[in-house]
Every structure is written in C-alpha cells, then in structure tokens.
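Inspection log for the structure reproduced underneath, given as structure tokens.
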Amino acid sequence: MDMGKVADQFPEQPKSITVTLNNIPTSFYLRDYAMDSVIIKDETSTYNFTWNILDGDWINNRRQEFAIALLPDTLESASVAITYVEENKKETYTLQNDNGEPIVIKKNTRTIVRFNGLHPNEFEVRYAGFADGDDAVVGVDNDEWNGNQLSKGDN
C-alpha cells in the first residue's frame with residue numbers, strides 16, 4: 001500500500017491511516033501435484049491495519065508505504081480510513097481500482113496499490129511478477145534416479 005508523500009496527498013495532517021479488509025482468507029493447502037494452483041480454505045476473517053503518522057512524516061513530507069501479506073483473493077468491501085489530527089476528523093475511501101472494481105490479489109505477483117488523494121475512491125493498482133520468473137518455484141529434484149550425489153566426507 002503506497003499512500004504517497006503525506007503533505008502532497010492530504011489537505012491537513014493525518015493522525016493515522018487504517019486499512020480494513022473484510023472476508024480475507026486465513027489459510028491454504030500445500031500438496032503434491034498442485035500444478036501451480038493455490039488451494040484456499042473457506043475460512044475468512046476481517047483485519048484492521050493501522051499506521052500512526054508521526055509529526056516528522058508530515059513536516060518532512062515522507063512517503064508512507066505499508067506492506068500487507070495476503071493470499072490470492074478479491075478485496076471485496078475493503079476500505080482505507082484517514083483520521084486527521086484536527087478534531088479527529090475522518091475520511092473513508094473504498095479500496096477499488098480506477099474503474100470502480102475491487103482490487104484483485106494475484107498469486108506469485110506483487111500487488112502495489114497507490115493512493116491518489118486528488119481523486120476520491122480511486123487507487124492505482126500495479127502488478128509486478130518475481131524478478132527472474134522462478135522465485136516462486138521450490139527447487140526439488142524430479143523422481144528420476146541420478147546416482148549417488150554424495151561429496152567426499154559425506155559418508
């Protein structure tokens with residue numbers, strides 16, 4: 001989640017940023033012959049992630065980026081709430097892409113969601129794969145016998 005530089009994105013100093021995710025999968029299965037599939041159980045939960053914005057972040061206009069590890073899913077009814085320092089004023093934005101659709105978390109893909117304070121309820125969504133394309137592959141030998149691979153001193 002990339003909220004951008006604080007002073008550039010918000011009309012006044014925010015006190016905190018809270019991301020609320022509803023019906024998020026909590027577990028999945030690993031099995032042989034998964035054939036590049038992620039098997040997600042039906043168990044879900046609601047999570048609130050809150051980050052406090054320090055005075056120095058506002059004064060120095062620091063970029064606010066937050067990492068959230070999620071299983072593949074569609075983020076239905078997710079939101080971002082900004083609570084301001086002045087009088088505890090609060091704004092809530094629906095977490096959606098620029099077409100008004102829910103954000104999709106894809107497998108083996110980093111999803112970057114960028115907040116754009118100029119356009120309410122509009123987040124820019126970027127997808128990036130792994131660096132060399134094989135980072136998600138577990139390096140296990142195939143089932144073919146290739147002889148004893150012991151090095152000197154191993155036995």
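The values are calculated or read from the model by the stated rules, or taken from the named source; none is laboratory data. All figures in this text were calculated on a predicted structure; none of them were measured in a lab. Note that we place each Cβ from the backbone using ideal geometry, even for glycine, and neighbour counts take in every protein chain shown. Areas reflect the complete protein model, heavy atoms only, side chains present, ligands, DNA and RNA absent. Shrake-Rupley method; radii C 1.70, N 1.55, O 1.52, S 1.80 Å.
Once neighbouring chains are kept in place and the probe is 1.4 Å, which whole percent of the accessible area of the stretch 1-94 is contributed by carbon and sulfur?
C and S fraction of accessible area: 46 percent.
So for the pair residue 28, residue 52, with labels modelled 7 Å out along Cα→Cβ, what separation do we get in nm?
According to this spin-label approximation, the distance is 3.4 nm.
Provide the per-residue ³J(HN,Hα) series for the stretch 95-112, in order, calculated from phi with Karplus coefficients 6.51, -1.76, 1.60 and θ = phi - 60°, each as a whole number of Hz, with x at glycine and proline positions.
Once rounded to whole Hz, the list reads 7, 8, 7, 6, 9, x, 9, x, 7, 9, 8, 9, 6, 6, 9, 7, 10, 10.
Provide Rg over Rh for the stretch 1-56; use the alpha carbon set for both Rg and the Kirkwood Rh (inverse mean inverse pair distance).
So for the stretch 1-56, dividing Rg by the Kirkwood Rh gives 1.23.
Using a cut-off of 16 Å between alpha-carbon atoms, which lysines can reach residue 15, once sequence neighbours fewer than 8 places away in the same chain are excluded?
Hits, sequence-local ones excluded: 5, 89, 90.
Which value, in Å² rounded to 10, gives the accessible area of residue 77 with a 1.4 Å probe and all protein chains present?
Probe radius 1.4 Å; accessible area of residue 77 about 80 Å².
In Å², what does the accessible area per residue of the stretch 1-117 work out to with a 1.4 Å probe?
61 Å²
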